[in-house]
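S.K.: Take this structure, written in structure tokens, and hold onto it; I'll ask about it next.
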Amino acid sequence: MIFKKKIGKLTVFIKDNDSFYEKILDEFLSNRMDIKKLLRSEDETKVWLIDTEKGPMVLKLYVPKTKRFERILKSLIKRDFYQSLIYRTNNAVIHGASMINDIYLLAQKKICNYAYVHIILMEYIDGIQIRDLEPISDELKLEITQVIEQIHSYDMVSGAPHKENTMLTKDGIKLIDLSGKKCTCVSRAKDRMELQKYLGIKNTKQDLGYYIYISIKNLKKTFKNIRIKLGLRKP
Ligand SMILES: Nc1ncnc2c1ncn2[C@@H]1O[C@H](COP(=O)(O)OP(=O)(O)O)[C@@H](O)[C@H]1O
Ligand SMILES: [Mg+2]
């Protein structure tokens, strides 16, 4: 179960209200975290592999800097992305999903529902990214397709099933960096179409979600072209 509480100025969501995860958050905030490796360092995102008494874990700091106005507007009508993700992940893991990384803690700085700093503590997935295994064998492609179908059956979507977010571990394929988005026929079709685009895994299911996804994509393309023609956007 996910517990929500206030710790100082942070709104914190903790799996099973486990004080161990809270302790790691405290170590991070007071610069005492035992960092093993910096996994990503970009303007908006920092990801560290850390050492803890309970083994390696991953801590991600995400501070979005672009599209601020759009994000504030969205926060008025939509549930926060990472908040949805921690609840969805917990639900999937409880029901037996072992092909995704668990999320232990989410701490956010918020103004009303608008979160502008996200700290995420999660399970470390020990494996090789698919991008380091190219060319991807047909056997592996089949396994990735099955894993995507499995996460859909746990009411989750990947949102970005590309070569960086797909890992081969000793227990098979696992997915990281999942989306907190709703698992609808359209988001499921998007996952399948992204597998086709990024991993060359042909989509074989042309259901209602597929046709809606294609129509939305075409509509977006038309709007983009109109804006380019009107000089409102660079080609
Ligand atoms: N749970 C995890 N287990 C192992 N490695 C991870 C995990 N989460 C992230 N990473 C590593 O950190 C990188 C960046 O993290 P990610 O959450 O995918 O950030 P971004 O949102 O920028 O894509 C990943 O490509 C992967 O190498
Ligand atoms: Mg990623």
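The values are calculated or read from the model by the stated rules, or taken from the named source; none is laboratory data. Everything quoted here is computed from the prediction, not taken from an experiment. Positions of Cβ are backbone-derived with ideal geometry, glycine not excepted, and every protein chain shown enters the neighbour counts. The accessibility values were calculated without ligands, DNA or RNA, using every heavy atom of the protein model including side chains. Shrake-Rupley method; radii C 1.70, N 1.55, O 1.52, S 1.80 Å.
S.K.: Over the chain, calculate the relative contact order: mean separation of alpha carbon pairs under 8 Å at least 6 apart, over the residue count, as a percent.
M.R.: 15 percent
S.K.: I've got another one for you. Measure off 7 Å from each Cα along the Cα-to-Cβ vector at ASP132 and PHE20, then give the distance between these two points in nanometres to one decimal.
M.R.: 2.6 nm
S.K.: Placing unit charges on C-beta atoms (Lys and Arg positive, Asp and Glu negative, everything else neutral), compute the dipole magnitude of region 75-210 about its Cα centre in debye, rounded to 20.
M.R.: Using Cβ point charges on Lys, Arg, Asp and Glu, region 75-210 gives about 660 debye.
S.K.: Right, another one. Could you give the length gained by full extension between SER84 and MET1, i.e. 0.36 nm per residue of separation minus their alpha carbon distance, to one decimal place?
M.R.: Stretched out fully, the SER84 to MET1 stretch lengthens by 28.5 nm.
S.K.: Pull out the extension gain between LYS234 and LEU10, defined as 0.36 nm times the separation in residues minus the alpha carbon to alpha carbon distance; nm, one decimal.
M.R.: 76.7 nm
S.K.: Output wanted: per-residue J couplings in Hz (rounded whole) for region 174-188, from phi through Karplus 6.51 cos²θ - 1.76 cosθ + 1.60, θ = phi - 60°, x for Gly and Pro.
M.R.: 10, 10, 10, 6, 6, 9, x, 5, 5, 8, 10, 5, 6, 5, 5
S.K.: Using amide H atoms built in the peptide plane, which far-off residues or other-chain residues are under 5 Å from ILE100 H to H?
M.R.: Amide H neighbours of ILE100, under 5 Å, 5+ apart: LEU175.
S.K.: Is the shape of the chain rounded, prolate or oblate, going by the alpha carbon gyration tensor and its root eigenvalues a ≥ b ≥ c, with a/c under 1.5 for rounded and a/b larger than b/c for prolate?
M.R.: Oblate is the answer for the chain, as a/c is 1.5 or above yet b/c matches or exceeds a/b.
S.K.: When the Cα centres of region 1-48 and region 107-132 are compared, how far apart do they sit, in Å?
M.R.: After rounding, the separation between the Cα centres reads 9 Å.
S.K.: Quick one: accessible area per residue over the chain, 1.4 Å probe, rounded to a whole number of Å²?
M.R.: With all protein chains present, the chain gives 59 Å² per residue.
S.K.: Along Cα→Cβ, 7 Å out, is where each label goes; now give me the distance between the ones at LEU142 and VAL63 in nm to one decimal.
M.R.: It is 4.8 nm.
S.K.: While we're here: With an 8 Å cut-off on Cα pairs and a minimum separation of 6 or more residues, tell me the relative contact order of region 2-124 in percent.
M.R.: 28 percent
S.K.: Dipole of the chain, Cα-centred, from +1 at each Lys and Arg C-beta and -1 at each Asp and Glu C-beta, to the nearest 20 debye?
M.R.: Charge dipole of the chain: 1780 debye, to the nearest 20.
S.K.: While we're here: Given the options PHE28, PHE223, PHE13, which has the most mean-square fluctuation in a GNM of the chain, springs set between C-alpha atoms less than 10 angstrom apart?
M.R.: PHE223
S.K.: Tabulate in residue order the Karplus-calculated ³J(HN,Hα) for region 57-69, using 6.51 cos²θ - 1.76 cosθ + 1.60 with θ = phi - 60°, rounded to whole Hz; enter x for Gly and Pro.
M.R.: Each residue's phi maps through the Karplus curve to give 9, 10, 10, 10, 10, 10, 10, x, 10, 9, 6, 4, 4 Hz.
S.K.: On a straight-distance basis, which lysines could pair with LYS170 in a cross-link, Cα separation under 25 angstrom, same-chain partners fewer than 8 positions away excluded?
M.R.: LYS36, LYS37, LYS54, LYS60, LYS141
S.K.: Next up: Quick one: with all protein chains in place, what share of the accessible area of the chain is carbon or sulfur, to the nearest percent (1.4 Å probe)?
M.R.: Accessible surface attributable to carbon and sulfur in the chain totals 54 percent.
S.K.: If packing is taken as the mean number of other Cβ atoms within 10 Å per residue, what is the order of 53-59, 86-92, 19-25, highest first?
M.R.: In descending order of packing, they fall as 86-92, 19-25, 53-59.
S.K.: List, in order, the whole-Hz ³J(HN,Hα) value for each residue of region 217-223 obtained from phi through the Karplus relation with A = 6.51, B = -1.76, C = 1.60 and θ = phi - 60°; use x for Gly and Pro.
M.R.: These are the phi-based 3J(HN,Hα) values: 4, 5, 4, 4, 5, 4, 4 Hz.
S.K.: Could you work out how much longer the chain between LEU76 and ASN218 gets when fully extended? Use 0.36 nm per residue separation minus the Cα distance between them, nm to one decimal.
M.R.: 48.4 nm
S.K.: Determine the distance separating the Cα centre of region 138-172 from the Cα centre of region 63-97; give it in Å without decimals.
M.R.: 21 Å
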